[in-house]
Amino acid sequence: MIPQLSKSSVSMRDPERVEQILTSMREAGSSTLQVISDFDMTLTRFAYNGQRCPTCHNILENSKLISEDCKAKLQKLLDTYYPIEIDSTRSVEEKLPLMVEWWTKAHDLLVQQKISKDHLARVVKESEAMLRDGYQQFFGHLHQMSVPLLIFSAGIGDVLEEVIRQAGVFHPNVKVFSNYMDFDDSGVLRAFKGELIHIYNKREGALINVEHFKELQSRCNVLLLGDSLGDLNMADGVLGLKNILKIGYLNDKVDERRQSYLDTYDIILEKDETMDVPNAILLYITGQ
Ligand code: TMP
Ligand code: MG
């Protein structure tokens, strides 16, 4: 039906069900569609030329805004907690408090660095941040078809926005829910705003944003993109949901995690650094 679904990186638990969902979504048309996506390692690349690409947090960590001592501390946190994040032998219940601990410690360290708002654009420009190949088509098509793109990210909103702005794709149909920095009157980071968003509370985030989903009530079909099992709940606030198609990027520890991804995502993309499959699906659903 969609040639890109035969790519070697694609696996599906139930291809017939995927086909049914796609057919229903296509029949309903683009005016009933919304796209809900994670950011880090979903819209951005996991690796390029064998090197890992940065997350929003890594963009700051690798920059001149952070002291060497702080970098070492953040790296230590990453070395401690990232293996836990992707450990398929631990339950979400077990991981959740540890993820809160990671985010809290990382944000406390960042706040101590007196980061200036004025420097963020330059830091992003000088970073190795990369959106996945085919991102222009992805963002451009959604914009052209007036399909809302909601980005739920446990990264840093200010950094994320700068990445998509500099890539020229921060179109008016894009809405971001993330951790935003709170700057004092002189433009220096003093805290993070609101409730902390980490990888396992996107569901709460989605439910808090239910008011926002009300505006989108006629958009009962959801294309969800994520790379962690925590991303599966991002559409929980959607009212009157009819169809949802969940696409999961399986970037790391592929063999250990394949089964849990196959059980929960409709389509999994293994070590695929492109937006080819989401783009082909979007073209299909929107009748192009
Ligand atoms: P998300 O992709 O689900 O929005 O999550 C953000 C990613 O940020 C997650 O994979 C872990 C990563 N991260 C860092 O790289 N460094 C940090 O200091 C923290 C707190 C998170
Ligand atoms: Mg992610």
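Derivation of every value follows stated rules applied to the coordinates shown; laboratory data play no part. Keep in mind that what you see is a predicted model, and the values were worked out from it rather than measured. Quick reminder, even Gly has a Cβ in these numbers, built from the backbone with ideal geometry, and neighbours come from all protein chains shown.
Taking θ as phi - 60° and the Karplus parameters 6.51, -1.76 and 1.60, the scalar couplings of region 279-288 work out to 5, 5, 5, 4, 4, 5, 4, 8, x, 8 Hz in sequence order, x denoting glycine and proline.
Protection proxy ranking for 169-180, 30-41, using the average of other Cβ atoms within 10 Å per residue and placing the highest first: 30-41, 169-180. Dipole magnitude for region 167-249: computed about the Cα centre from +1 point charges on Lys and Arg Cβ and -1 point charges on Asp and Glu Cβ, it is near 380 debye.
Reported value for region 29-108: 176 Å³ per residue, from the convex hull of its C-alpha atoms.
Annotation for region 101-139: GluC sites (Glu not before Pro) lying in DSSP loop with at most 14 further Cβ atoms inside 10 Å of their Cβ are Glu126, Glu128. What residue among Asp252, Asp118, Asp266 has the largest mean-square fluctuation in a Gaussian network model of the chain, using Cα springs under 10 Å? Among Asp252, Asp118, Asp266, the largest GNM mean-square fluctuation belongs to Asp118. Annotation: average projected area of region 118-210 is 7.1 square nanometres, based on the convex hull of Cα atoms across all directions. For region 129-288, the alpha-carbon coordinates run over 47, 38, 32 Å along the three principal axes, in decreasing order.
Spatially, region 1-80 and region 141-156 are offset by 13 Å when compared through their Cα centroids. Under the simplified labelling scheme, the Asp69-Leu207 pair shows an inter-label distance of 4.2 nm, with each label point 7 Å from Cα along Cα→Cβ. The amide H of Tyr249, built 1.01 Å from its N in the peptide plane, has Gly226, Asp227, Leu269 as neighbours under 5 Å, considering only residues 5 or more places off or on other chains. What share of Cα pairs, in percent, lie more than 37 angstrom apart in the chain? Here the tail beyond 37 Å accounts for 11 percent of pairs.
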